[in-house]
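A.B. asks: Got a structure for you, written out below as structure tokens; questions coming shortly.
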6 protein chains.
Amino acid sequence: MPNLPKKKPSQSVTTMTELVLPNDTNTLNNLMGGRLLHLMDIAAAITAQRHSERIVVTASVDNVSFSEPIALGDVVTITAQVTRAFNSSMEVYLEVNAENIPAGIKKTTNKAFFTFVAVDQMGKPIYVPEVEPETAEEKERFDGALRRRQLRLVLAKRMKPEEATELKLLFA
Amino acid sequence: MPNLPKKKPSQSVTTMTELVLPNDTNTLNNLMGGRLLHLMDIAAAITAQRHSERIVVTASVDNVSFSEPIALGDVVTITAQVTRAFNSSMEVYLEVNAENIPAGIKKTTNKAFFTFVAVDQMGKPIYVPEVEPETAEEKERFDGALRRRQLRLVLAKRMKPEEATELKLLFA
Amino acid sequence: MPNLPKKKPSQSVTTMTELVLPNDTNTLNNLMGGRLLHLMDIAAAITAQRHSERIVVTASVDNVSFSEPIALGDVVTITAQVTRAFNSSMEVYLEVNAENIPAGIKKTTNKAFFTFVAVDQMGKPIYVPEVEPETAEEKERFDGALRRRQLRLVLAKRMKPEEATELKLLFA
Amino acid sequence: MPNLPKKKPSQSVTTMTELVLPNDTNTLNNLMGGRLLHLMDIAAAITAQRHSERIVVTASVDNVSFSEPIALGDVVTITAQVTRAFNSSMEVYLEVNAENIPAGIKKTTNKAFFTFVAVDQMGKPIYVPEVEPETAEEKERFDGALRRRQLRLVLAKRMKPEEATELKLLFA
Amino acid sequence: MPNLPKKKPSQSVTTMTELVLPNDTNTLNNLMGGRLLHLMDIAAAITAQRHSERIVVTASVDNVSFSEPIALGDVVTITAQVTRAFNSSMEVYLEVNAENIPAGIKKTTNKAFFTFVAVDQMGKPIYVPEVEPETAEEKERFDGALRRRQLRLVLAKRMKPEEATELKLLFA
Amino acid sequence: MPNLPKKKPSQSVTTMTELVLPNDTNTLNNLMGGRLLHLMDIAAAITAQRHSERIVVTASVDNVSFSEPIALGDVVTITAQVTRAFNSSMEVYLEVNAENIPAGIKKTTNKAFFTFVAVDQMGKPIYVPEVEPETAEEKERFDGALRRRQLRLVLAKRMKPEEATELKLLFA
């Protein structure tokens, strides 16, 4: 394991701004959930690339819920920042905002966590720098990353529920 | 709550077959995770439409993990079938297969659950038929739906962990 | 000519399901004919790939007529199955269905035959397995393939009309 | 039937020039047949619109064969001109040329006939001007249109082969 | 002319981050100039929308030069901020940066000015807030806007060169 | 500097015809400026390729103004012809026409100059043939090219305003 200097979330934060176009929408003229996930994946991948300075591939997408419709013509802003790294993997936190500018409406529509693995040109995993959180929110997300990671491993059947110590606390 | 006749998963199953094209791929010439999620969302939405015979909107995407790369030129087959309905929402099970046909390689790359809500033209939720599972696998997914729903509600902070009785059993 | 085992149409059948999106439509909000041909070509190519287990290229598209409009938001289902093989070429039969699910309308909109050639990495034609039809419909399409092939050759000016024995019977 | 003045093919001819982009290509880096048909349909529809000064919809595509590959980066030029009108329908002749400019190679790759129907805002067919051919080639295509129309009707099972007088001559 | 409160450039600044995908590139695998202009237009339009809180349409694009290639897989970051408003029109300054992250290369590739007009639902021009520059750079761009506006008017033949007092100073 | 034979603008003229599709449009259902620039860049690049018989890259786009909206469903025709060459660079003149065919409306919406550089496979600039204008308009554009080139160099800060002799005449 190489001795890479730690990096702060602010060093790799990514802001992506997009206009909702006709082909992105469903019968109700709202942005399709899958299209938004596509944009979120690209924004998060750029952040993971910036943190690791490597090629990255998507490893997993945590539960994402869609409670607010985003309309045709709205402006979507996605901010992506790394929360914590584990060897070759990085968890990225995403926040999605939607604006109907002429109507003066702005709302946060989604929050999600995507995980990426840094790889070399052959696709082999490779170590990434650790994350050094700065703000209170970054620290909270850094701490929660362990719990989310256990949930991912349990859901992927790569960890037994009874070994997920962080998760068990939650349900105690 | 209307008295709609129950429907079987086989009545709304959807098969989507796609070719991985250059613009779907990353630097390693593999399908981007977000693009796959986009396709999965469309396949699952068609299944939910077929089950409910209504307009549907994506409500949530459960944890999806990407462990196998899918290459440029591969054929991707997505099958989507409804597992269980709760009032106006439907859980859809997705299985993704990828084939490199000239190389004779075929593999299951992803399994996931997406949830949809049936709505009327105004976007208001509307009751959908209950699901009547037939095969052993369909019954297992029908039973597991309750546990996955609790997890979704806990993660969306709409249920307290200590009230998630099905989930607690898992960690006991 | 290699001694490849025969294959049944059911071994390579392909189902493609697509949602009609805004950019696929014309001024009347109906699916453009050319866009449908594009989807049919991909579905048929996948079937031909699966039958031959080779790279394939489109050789010809037989007469396709468009008598039923398919609307924005409709679900299009294309099924493609191989009918007969001639050395390195395969004829694929396509059937297109369109559903307006909330309105409860489902109709068969198109039937067509596309022909593909299996090629190696250099683009050279290469032998493919013969087709062994099973059902009555598959046998009828197998038999008709000879007549359609003569029509293709006559139209491409690679056969003289008076040599097209199968076609001449039709007009006798 | 209204007394519309005849129009010449040169009054509605359309030239479409496109660059073959990565997403248009197959595994061999050649333009996919279906993508070319999509472009041809748009070029032909513009010609039919110009001839009729109406909204038009694709009615049918005659047999198209693909004998020459068109490579990534090639320039594709499609010319479309109306050959003959029958009440509300127009036959359009298409010629496709492909150029690899840095290599100094230019070739005619496809010739085809597409048919369109002019419609009003409700989608009802509406009369179009007759075509007045000028050059020898235009006159030959004008004359052949009758035979091609009979073939289309026979293939669509809307005319009995024995009634197709023009076609029968061909096989006599 | 309404008495709208002035707004600062920082209140409407937009950051757009994009990955260069295969279909965006030319034969040399570099981003096509026209595709970059397309992205710049969207980023600038969002900024103009945010400043005016209105629908906006592109009025003009000033001279843009492309001296640095941007490669497939690079990350493009476009920042757009308003420089000055004239009645219903707004000038937007754009800066484009390209990063090859795994190679550790980051460069500024383009600087440009786009102009937008705010319109109502009928497309009629409508007054927008004036711009109040804060930083030295913003003030310099605010001052230069007058000269660039005269150049635009002269080039569009809506002002005689001899009346372009600001421009004439430049060549004196 | 090689002794390449001069070529006429008519030898490389390009006509591109496109239909305005939903995804090309803004909230007012009009073609977005950036999308039009994208199409113009491709049309102009094909002309520059044809003149030089080389790979070309966009060097600059001169001021383009957008005074006329182009609506969804309109037919856009772009003609591109080379005006003058300077060593390895070529200036291309573009004229954009838009037709609403069913309404019988046709208008010239944009005129612009794009500049391209011919390069070899390594991206190195390479000499191109000189342009020999034929018509009065071509000669006028040939002469004006010198003035536009000076303006480009001044705007790119590669020439001092006081050295731009052609431009100075304009403001005298």
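Rule-based calculations on the coordinates, nothing more; no lab input. As the structure is a prediction and not an experimental result, all values here were calculated from the model. Methodologically, a virtual Cβ is constructed for each residue, glycine included, from the backbone with ideal geometry; neighbour enumeration extends over all protein chains shown.
A.B. asks: Given H placed 1.01 Å from N in the peptide plane, which residues other than close sequence neighbours of C:K8 have an amide H under 5 Å from its amide H?
C.D. replies: Excluding prolines and chain starts, which carry no amide H, the hits are C:E132.
A.B. asks: Semi-axes of region D:71-163's equivalent ellipsoid from the Cα gyration tensor, sqrt of 5 times each eigenvalue, largest first, rounded to whole Å?
C.D. replies: Working: eigenvalues 183, 54, 44 Å².
Semi-axes from the Cα gyration tensor: 30, 16, 15 Å.
A.B. asks: Given the pairs F:K6/F:K157; E:K8/E:K168; E:K8/E:K139, which span a C-alpha to C-alpha distance of over 20 angstrom in this model? Can you show the working numbers first?
C.D. replies: Details: F:K6/F:K157 31 Å; E:K8/E:K168 30 Å; E:K8/E:K139 11 Å.
From F:K6/F:K157; E:K8/E:K168; E:K8/E:K139, over 20 Å: F:K6/F:K157; E:K8/E:K168.
A.B. asks: To continue, here is another question. Please give the helix B:136-155 orientation as an angle from the longest Cα principal axis of chain B, in degrees from 0 to 90, rounded to the nearest 10.
C.D. replies: The helix B:136-155 is inclined about 80 degrees to chain B.
A.B. asks: Let me ask something else. Which ³J(HN,Hα) values in Hz, rounded to whole numbers, follow from the phi angles of region B:94-107 under the Karplus curve 6.51 cos²θ - 1.76 cosθ + 1.60, where θ = phi - 60° and Gly and Pro get x?
C.D. replies: For region B:94-107, the Karplus curve yields 10, 10, 10, 10, 10, 10, 9, 5, x, 8, x, 10, 9, 8 Hz.
A.B. asks: Copy-to-copy spacing for C:T165, label 7 Å out on the Cα-to-C-beta vector, in nm, shortest first?
C.D. replies: The projected label point of C:T165 is separated from its counterparts by 3.1, 7.8, 8.3, 8.3, 9.4 nm.
A.B. asks: Still on this structure: With the label 7 angstrom out along Cα to Cβ, how close does D:T135 come to the same site in each of the other copies, in nm, nearest first?
C.D. replies: 2.0, 4.9, 6.0, 6.0, 6.8
A.B. asks: Relative contact order for chain F: what percent, with Cα pairs under 8 Å and sequence separation of 6 or more? Let's see the in-between values first.
C.D. replies: Details: 335 pairs, mean separation 42.2, N = 172.
The normalised contact order for chain F reaches 25 percent.
A.B. asks: Leaving out same-chain residues fewer than 8 places away, which aspartates and glutamates sit with a Cα under 17 Å from that of B:K106?
C.D. replies: B:E18, B:E68, B:D74, B:E95, C:E53
A.B. asks: Which shape class, rounded, prolate or oblate, goes with region C:117-172 when its Cα gyration tensor gives a ≥ b ≥ c as root eigenvalues, a/c under 1.5 marks rounded, and past that a/b bigger than b/c marks prolate?
C.D. replies: Since a/c reaches 1.5 but b/c is at least a/b, the shape of region C:117-172 is classed as oblate.
A.B. asks: Which log10 I(q)/I(0) values does the protein assembly as shown give at q = 0.09 Å⁻¹ under the Debye formula, counting every alpha carbon as one identical point scatterer?
C.D. replies: These q points yield log10 I(q)/I(0) values of -1.13.
A.B. asks: Here's something else I'd like to know. To test your reading of the geometry: what angle, between 0 and 90 degrees and rounded to tens, separates the Cα axis of helix A:33-52 from the longest principal axis of chain A?
C.D. replies: It works out to around 40 degrees.
A.B. asks: On to the next question. Return P(r) of region C:1-83 (all Cα-Cα pairs; 5 Å bins starting at 0; whole %; ordered from short to long distances).
C.D. replies: Distribution as computed: 3, 14, 21, 20, 16, 12, 8, 4, 2, 1, 0 percent.
A.B. asks: Same structure, new question: If the only charges are +1 at each Lys and Arg Cβ and -1 at each Asp and Glu Cβ, what is the size of the charge dipole of region B:9-133 around the Cα centre, to the nearest 20 debye?
C.D. replies: Details: 8 positive and 13 negative charges, 9 e Å.
Dipole about the Cα centre, nearest 20: 40 debye.
A.B. asks: Per-residue ellipticity at 222 nm for chain E, helices alone: DSSP H runs ≥ 4 residues times -39500 (n - 2.57), over residue total, nearest 500 deg cm²/dmol?
C.D. replies: Working: 3 runs with 47 residues, N = 172.
Estimated from H runs of four or more residues: -9000 deg cm²/dmol.
A.B. asks: For label points placed 7 Å from Cα toward Cβ, what is the shortest-first list of nm distances from B:D120 to its copies?
C.D. replies: So the label point of B:D120 gives 3.4, 3.4, 6.2, 6.5, 7.2 nm to the other copies.
A.B. asks: Right, something else. Evaluate the Kirkwood expression for the hydrodynamic radius of chain E, namely the inverse of the mean inverse distance over all pairs of different C-alpha atoms, and round to one decimal in Å.
C.D. replies: Details: mean 1/r = 0.0583 Å⁻¹.
After inverting the pairwise mean of 1/r, the radius is 17.1 Å.
A.B. asks: Here's something else I'd like to know. So, in Å, what gap is there between the alpha-carbon centers of region B:1-57 and region F:53-103?
C.D. replies: Going from one Cα centre to the other spans 40 Å.
A.B. asks: What is the residue of chain A with the smallest Cβ distance to the axis taking A onto D, and what is that distance in whole Å?
C.D. replies: For the rotation taking chain A to chain D, the closest Cβ gives A:N23, 7.
A.B. asks: With an 8 Å cut-off on Cα pairs and a minimum separation of 6 or more residues, tell me the relative contact order of region E:110-172 in percent.
C.D. replies: Numbers: 25 pairs, mean separation 10.5, N = 63.
Contact order relative to length: 17 percent.
A.B. asks: Run down the lysines and flag those whose C-alpha is under 16 Å from the C-alpha of B:K107, throwing out any fewer than 8 positions away in its chain.
C.D. replies: none
A.B. asks: Looking at region A:82-172, which trypsin sites (Lys or Arg not before Pro) are DSSP coil and have at most 10 other C-beta atoms within 10 Å of their C-beta? Show your work: numbers first, answer last.
C.D. replies: Numbers: sites: A:R84, A:K106, A:K107, A:K111, A:K139, A:R141, A:R147, A:R148, A:R149, A:R152, A:K157, A:R158, A:K168; in loops: A:K157, A:R158.
Taking region A:82-172 and a limit of 10 other Cβ atoms within 10 Å, the loop trypsin sites (Lys or Arg not before Pro) found are A:K157, A:R158.
A.B. asks: Using the Cα centre as the reference, give the magnitude of the dipole from point charges on the C-beta atoms of the protein assembly as shown (Lys, Arg: +1; Asp, Glu: -1; all else neutral), rounded to the nearest 20 debye. Intermediate results must be reported in sequence, preceding the final value.
C.D. replies: Details: 126 positive and 126 negative charges, 0 e Å.
Dipole magnitude for the protein assembly as shown comes out near 0 debye.
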